[in-house]
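> Quick one: the structure is below, and I'll ask about it shortly.
The values are calculated or read from the model by the stated rules, or taken from the named source; none is laboratory data. Since we're looking at a predicted model, the values are computed, not measured. All Cβ positions, glycine included, derive from the backbone under ideal geometry; neighbour counts span all protein chains shown. Ligands, DNA and RNA are excluded from the accessible area calculation, which covers all protein heavy atoms including side chains. Shrake-Rupley method; radii C 1.70, N 1.55, O 1.52, S 1.80 Å.
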Amino acid sequence: SQYQEALRLKPDYADAHNNLGVALYEKGQSDEAIRQFQEALRLKPDHAEAHYCLGVVFDQQGRTGEAIRQFQEALRLKPDYANAHNDLGNTLERKGQIDEAIRQFQEALRLKPDHAEAHFHLGNALLQKGQVDEASALYQKALELAPPFAEARAGLADALLKSGRPEQAASHYTEALRLNPNLRDSLNNLARLRATSRLPELRNGPQAVQLAQRACELTSWKNTVFIGTLAAAYAEAGQFEKAVETAQKACDLASSLGQTNLLQRNQELMQLYREGRPVRE
């Protein structure tokens with residue numbers, strides 16, 4: 001590549017090491033990318049972009065503490081680095097540090113008001129705090145800035161569902177899954193609506209089964225909630241024997257994971273399916 005050629009001619013070119021690392025990361029070669037970023041930092045310790053890129057790779061590898069340290073170092077060197085504020089916020093949010101994450105997303109947006117991902121992530125954080133209207137507005141802004149943003153579309157659907165607008169939520173889940181068919185939570189949430197809604201026009205048993213099966217496959221059948229949704233979908237489709245069998249799978253998994261509440265709930269639903277009755281939520 002051009003970066004390798006640049007390094008052949010000038011091995012101590014820190015920017016070329018960093019750019020080569022980005023190219024390798026985009027090709028899925030994370031370990032080699034890390035080596036290039038580290039070499040860039042050996043040559044130029046104050047290389048903010050290399051710290052940031054190293055943080056991105058560490059975060060992708062689940063090395064959360066190391067990722068946070070790299071993002072913080074990038075921001076020490078370059079306080080107006082909007083992407084670093086956004087990615088630090090995203091990492092902190094996953095650690096449960098919601099308030100600090102919110103501050104990072106807000107700073108990213110102060111620096112770069114058209115940062116679609118920061119609008120999306122701030123929406124996620126506010127939704128966790130129950131600020132549904134504010135989250136909805138942020139998701140909508142993210143979609144204005146990046147219309148094919150499947151995750152933002154799914155976030156808006158989540159907010160609409162929480163605000164008691166299931167018809168609109170179903171529409172946005174459908175569009176999100178058109179853009180990205182592998183959004184696991186959206187597959188489950190739309191399946192749940194199609195299987196259990198009190199609104200007849202929203203229910204569709206066969207579609208619910210298809211959606212829930214896909215969600216279970218994507219999680220290797222290790223998500224109790226998703227398996228429970230599939231059981232409800234079978235019931236809505238009139239396949240009560242499969243509903244009972246699937247609810248038992250959910251019970252077994254919940255028991256093995258110590259999920260007491262989910263175990264009790266699926267046991268209750270299994271009795272409902274034995275009586276030939278679907279769920280209504």
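> Give me the base-10 log of I(q)/I(0) for the range 181-281 at each q in 0.11 Å⁻¹, Debye formula, one uniform scatterer per Cα, rounded to two decimals.
Rounded to two decimals, the profile gives -0.26.
> Report relative contact order for the range 171-241 in percent, whole number only (criteria: Cα-Cα under 8 Å, sequence separation at least 6). Intermediate values should be presented prior to the final figure.
Working: 98 pairs, mean separation 22.5, N = 71.
Contact order relative to length: 32 percent.
> Now for a separate question. Around K112, which amide H atoms from residues at least 5 apart in sequence, or from another chain, sit under 5 Å from its own amide H, with H modelled in the peptide plane?
So K112 has HN proximity to no qualifying residue.
> Now a separate question. Between R280 and R198, what is the spin-label point distance in nm, taking each point 7 Å from the Cα along the Cα→C-beta axis?
For R280 paired with R198, the spin-label model returns 0.8 nm.
> About the Cα centre of the range 109-257, what is the dipole size in debye to 20, counting +1 per Lys and Arg Cβ and -1 per Asp and Glu Cβ, all else neutral?
Values: 17 positive and 16 negative charges, 19 e Å.
The dipole magnitude comes to about 80 debye.
> What's the ranking of 183-192, 88-97 by average number of surrounding C-beta atoms within 10 Å, highest first?
Details: 183-192: 24.0, 88-97: 19.2.
Result, highest mean first: 183-192, 88-97.
> Would you compute, for the Cα atoms of the range 109-166, the largest minus smallest coordinate along each principal axis and list the three values in descending order, in whole Å?
33, 23, 13
> Mind grabbing the accessible area of V57 for me, 1.4 Å probe, Å², rounded to tens?
0 Å²
> Classify the range 55-106: rounded, prolate or oblate, from the alpha-carbon gyration tensor (a ≥ b ≥ c, eigenvalue square roots; a/c under 1.5 rounded; otherwise prolate if a/b is larger than b/c)?
On the way: a/c = 1.98, a/b = 1.07, b/c = 1.86.
Since a/c reaches 1.5 but b/c is at least a/b, the shape of the range 55-106 is classed as oblate.
> Restricting to Cα pairs below 8 Å that are 6+ residues apart, what does the relative contact order work out to for the range 196-281? Please round to a whole percent.
On the way: 118 pairs, mean separation 26.6, N = 86.
Relative contact order, the range 196-281: 31 percent.
> Can you work out the PRE-style zone for E134? Point 7 Å along Cα to Cβ, and I want the residues of the range 70-86 with backbone N under 20 Å.
Under cut-off, by backbone N: 85-86.
> Quickly estimate the mean residue ellipticity at 222 nm for the chain, helices only: each DSSP H run with n ≥ 4 gives -39500 (n - 2.57), and the total goes over all residues, rounded to 500. Intermediate values should be presented prior to the final figure.
Working: 16 runs with 216 residues, N = 281.
Rounded to the nearest 500, the figure is -24500 deg cm²/dmol.
> A further question on this structure: Once you have the alpha carbon radius of gyration of the chain, what is it after dividing by 2.2 N^0.38 Å, with N set to its residue count? If you can, show how the numbers build up before the last one.
On the way: Rg = 22.7 Å, N = 281, 2.2 N^0.38 = 18.7 Å.
That ratio works out to 1.21.
> What distance in nm separates the two pseudo spin-label positions at L218 and S255, each 7 Å out from Cα along the beta-carbon direction?
It works out to 3.0 nm between the two label points.
> Percent relative contact order of the range 29-173, based on C-alpha pairs within less than 8 angstrom and at least six residues apart?
Working: 194 pairs, mean separation 17.9, N = 145.
Rounded, it is 12 percent for the range 29-173.
> Follow-up. Whole angstrom only: what separates the Cα centroid of the range 225-281 from the Cα centroid of the range 71-140?
Using only Cα atoms, the two centres lie 37 Å from each other.
> Anything over 22 Å Cα to Cα? Flag those among K78/K112; K44/K78; K162/K249, in the order listed. Don't skip to the answer; put the middle values down first.
On the way: K78/K112 14 Å; K44/K78 14 Å; K162/K249 28 Å.
The pairs that break the limit, which is 22 Å between Cα atoms, are K162/K249.
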